[in-house]
Amino acid sequence: MTAPYVQVRNLRRVFDVSKPWLNRVLEGGERQFLKAVDGVSFDIAKGETFALVGESGSGKSTVARMVVGLLPPTSGEVTIAGVSMTDRAAAAERQRLRRRIQMIFQDPYASLNPRWRVDRIIAEPIRAFKLIEGDRAIRDRVGELLTLVGLHPDDGRKYPHEFSGGQRQRVAIARALASNAEFIVCDEPTSALDVSVQAQILNLMRDLQDKFGLTYLFISHNLAIVRHMATRIGVMYLGRIVEISGGRELFAAPKHPYTRMLLDAVPDIGMTGRQRIPVAGEIPNPINPPPGCTFHPRCPYANERCRREIPPLEEGAACHAVHERRIDMPAAA
Ligand SMILES: Nc1ncnc2c1ncn2[C@@H]1O[C@H](COP(=O)(O)OP(=O)(O)OP(=O)(O)O)[C@@H](O)[C@H]1O
Ligand code: SF4
Ligand SMILES: [Mg+2]
């Protein structure tokens, strides 16, 4: 069996969020650490879309930044196409891989140089990686890329501010494709867009995936969005994956109480005979998370063991009630 295209193993990232040293001396107070990502593991097969879903602050973007090598992990490993993203010794190999990994952000305006025309923005990776020689050939390729993402070759003469939000995201996608990327990490790529525009961009991303065999890590706080995108889904809560399963399976037979809560908040998703239990409450302070299962203050199934013991991620869910069979399991559709 060949290794998965992306392998993430026991990834952790701790941020030092202490007050400055002098303030601690004068005002008192300990050093404080925030576990933004706490032991996250997953695989992504080539051509697959793996989605990470969770509320704000659950650690999704921190995982994304570590996967593409923008942020060093505190510990853990990331391997992409057989190349370690985390081992210092693999720096040269990583450099060769760089072109093949691209990232798309929520706000394309922030990632596109506002003073450059769009054709220059899209041509930049082609020139930087010397993928095509000659101005004429590069111009033709940029026109082709603009057409691929549903824009007109003449749009290359415009500046980013002359586009709508959805069109700007198309430009960002064209730029990602310009380097012949094969793995694209999308961090909330449609969250800033109107619903109808969101659907167009998601459709475009799926078409491009089919055409070029792209692999996606797709991040969203919205389960409804990932439903039609993801082959597999990992649900994150306070830095951990609490449930991981096939996209269809997650919607048909959610296991973890937190996944159920997220699904219950999506109005137009059909239920499988399961009663909706709206779970109230806020995400706890990540600097001082609750002991045991960090979801216990919000969980209708919490008991003494939950308040004491961290549940391992087994049978696709990190939940004592699931492992103990004391939670109703809707049959998979
Ligand atoms: N550079 C940093 N320094 C300190 N804390 C950080 C830093 N980056 C992220 N955090 C904290 O780590 C946690 C996870 O943040 P992250 O941005 O990964 O969450 P997220 O799931 O992407 O949230 P959102 O949906 O709001 O984008 C949060 O509590 C955040 O405040
Ligand atoms: S381990 Fe306990 S508190 Fe945590 S989700 Fe499961 S039942 Fe709820
Ligand atoms: Mg984020």
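Miscellaneous remarks
- Test: residue in the stretch 209-216 that is among the hydrophobic types (A, V, I, L, M, F, W, C) and open to solvent by 70 Å² or more (accessible area, probe 1.4 Å): yes
Residue-by-condition table, conditions (1) surrounded by fewer than 17 Cβ atoms within 10 Å (Cβ to Cβ); (2) part of a helix (DSSP H, G or I):
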| residue | (1), (2) |
| --- | --- |
| 73 | no, no |
| 90 | yes, yes |
| 106 | no, no |
| 114 | yes, no |
| 121 | no, yes |
| 151 | no, no |
| 167 | no, yes |
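- Restricting attention to the stretch 1-23, the residues that are open to solvent by less than 50 Å² (accessible area, probe 1.4 Å), touching a Ser or Thr at 6+ places or on another chain (Cβ under 9 Å) and outside any strand (DSSP E or B) add up to 2.
- Residue count for the stretch 226-237 under the criterion of being in contact with an Asp or Glu (Cβ under 9 Å, 6 or more places away or on another chain) and open to solvent by 20 Å² or more (accessible area, probe 1.4 Å): the result is 2.
- Scanning the stretch 178-222 for residues that are under 20 Å from residue 7 (Cα atoms) and charged (D, E, K, R) turns up 182, 187.
- Criterion: modelled with pLDDT under 95, closer than 25 Å to residue 206 by Cα and either more than 16 Å from ligand 2 (Cβ to nearest atom) or of a type in the set (A, V, I, L, M) (or both) - qualifying residue of 2, 49: 2
- Annotation note: Cβ proximity below 9 Å between a residue of the stretch 48-68 that is farther than 16 Å from residue 283 by Cβ and near ligand 3 (Cβ under 8 Å from one of its atoms) and a residue that is outside any helix (DSSP H, G or I) and open to solvent by less than 10 Å² (accessible area, probe 1.4 Å) (sequence gap 6+ or interchain) occurs for 64/52; 64/185; 64/186; 64/217; 64/219.
- Filter result for residue 318 (modelled with pLDDT of 95 or more, out of contact with any helix residue (DSSP H, G or I) (no Cβ under 9 Å at 6 or more places or on another chain) and small (Gly, Ala, Ser)): yes
- You will find that of 225, 241, the residue that is within 16 Å of ligand 3 (Cβ to nearest atom) and modelled with pLDDT of 95 or more is 241 and no other.
- The set of residues in the stretch 305-326 that are open to solvent by less than 90 Å² (accessible area, probe 1.4 Å) and either of a type outside the set (A, V, I, L, M, F, W, C) or part of a loop (DSSP other than H, G, I, E, B) (or both) comprises 305, 309, 311, 312, 313, 316, 318, 319, 320, 323, 324, 326.
- Qualifying residue in the stretch 123-134 (condition: touching a His at 6+ places or on another chain (Cβ under 9 Å), of a type in the set (A, V, I, L, M) and open to solvent by less than 40 Å² (accessible area, probe 1.4 Å)): no
- Output for the stretch 40-71, where each listed residue is buried (at least 17 other Cβ atoms within 10 Å of the Cβ) and more than 16 Å from ligand 1 (Cβ to nearest atom): 44, 48, 49
The values are calculated or read from the model by the stated rules, or taken from the named source; none is laboratory data. Note that the coordinates shown come from a computational prediction; the quantities given were computed from them, not determined experimentally. With ideal geometry, Cβ positions are generated from the backbone for all residues, glycine too; neighbour counts draw on all protein chains shown. Side chains are part of the model used for accessible areas, which takes the heavy atoms of the whole protein and leaves out ligands, DNA and RNA. Shrake-Rupley method; radii C 1.70, N 1.55, O 1.52, S 1.80 Å.
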